[in-house]
Amino acid sequence: MADRSEIEALIRAALPDAEVTITDLAGDGDHYSAHVVSGDFTGKNRVAQHKMVYAALGERMGGELHALQLSTAVPN
C-alpha cells in the first residue's frame, strides 16, 4: 500500500516546485485525493497536467494505489 508521504515524495520528485496536498479518503491506504499546484503546469491543459502527475506515480497507479481523485492548478 502507498501512504501519503510516499505519494507526495513521488510527485515532488517529478515536479520539484509542486505544492502537494494528499488526503486519505477512505482510511484504507488505497483511496486518496491529491491537489497539486505546480508552475510546470503552465500552458498545459488539465489532461496534460494530470498525465504529468500519473507519470510521476508510475506503475503504482492501479496497483498499490487503487484510486486517486486528482485536482491540479498553476500557482497564482
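The values are calculated or read from the model by the stated rules, or taken from the named source; none is laboratory data. Note that the structure is a prediction, hence the values are computed from the model and not measured. Methodologically, a virtual Cβ is constructed for each residue, glycine included, from the backbone with ideal geometry; neighbour enumeration extends over all protein chains shown. Accessible surface is based on the protein model in full, side chains and every heavy atom, while ligands, DNA and RNA are left aside. Shrake-Rupley method; radii C 1.70, N 1.55, O 1.52, S 1.80 Å.
Worth a mention:
- Residues of segment 22-34 satisfying the condition of being of a type outside the set (Gly, Ala, Ser) and either touching a Pro at 6+ places or on another chain (Cβ under 8 Å) or open to solvent by less than 80 Å² (accessible area, probe 1.4 Å) (or both): 22, 23, 24, 28, 30, 31, 32
- Candidate set from segment 48-66 (those that are of a type in the set (A, V, I, L, M, F, W, C) and exposed (fewer than 14 other Cβ atoms within 10 Å of the Cβ)); member that is farthest from the chain's Cα centre (by Cα): 48
Matching residues to (1) loosely packed, with under 14 Cβ neighbours inside 10 Å; (2) among the basic types (Lys, Arg):
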residue	(1), (2)
9	yes, no
15	no, no
18	no, no
36	no, no
46	yes, yes
72	no, no
76	yes, no
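- Entry remark, segment 39-73: residues being touching a strand residue (DSSP E or B) at 6+ places or on another chain (Cβ under 7 Å) and closer than 12 Å to residue 18 by Cβ number 5 in total.
- Each residue in segment 8-30 was checked for being touching a Lys or Arg at 6+ places or on another chain (Cβ under 8 Å) and of a type outside the set (Val, Ile, Thr), and 3 pass.
- Checklist (1) at pLDDT 90 or above; (2) in contact with a Phe, Trp or Tyr (Cβ under 9 Å, 6 or more places away or on another chain); (3) part of a loop (DSSP other than H, G, I, E, B) applied to residue 2, failing item: (1)
- Output for segment 7-43, where each listed residue is assigned to a helix (DSSP H, G or I) and either touching a residue at least 40 places away in the same chain (Cβ under 8 Å) or in contact with a Leu (Cβ under 7 Å, 6 or more places away or on another chain) (or both): 7, 10, 11, 13, 14, 40
- Looking across segment 49-65, the residues that are touching a helix residue (DSSP H, G or I) at 6+ places or on another chain (Cβ under 8 Å) and in a helix (DSSP H, G or I) come down to 49, 52, 53, 55, 56, 57, 58, 60.
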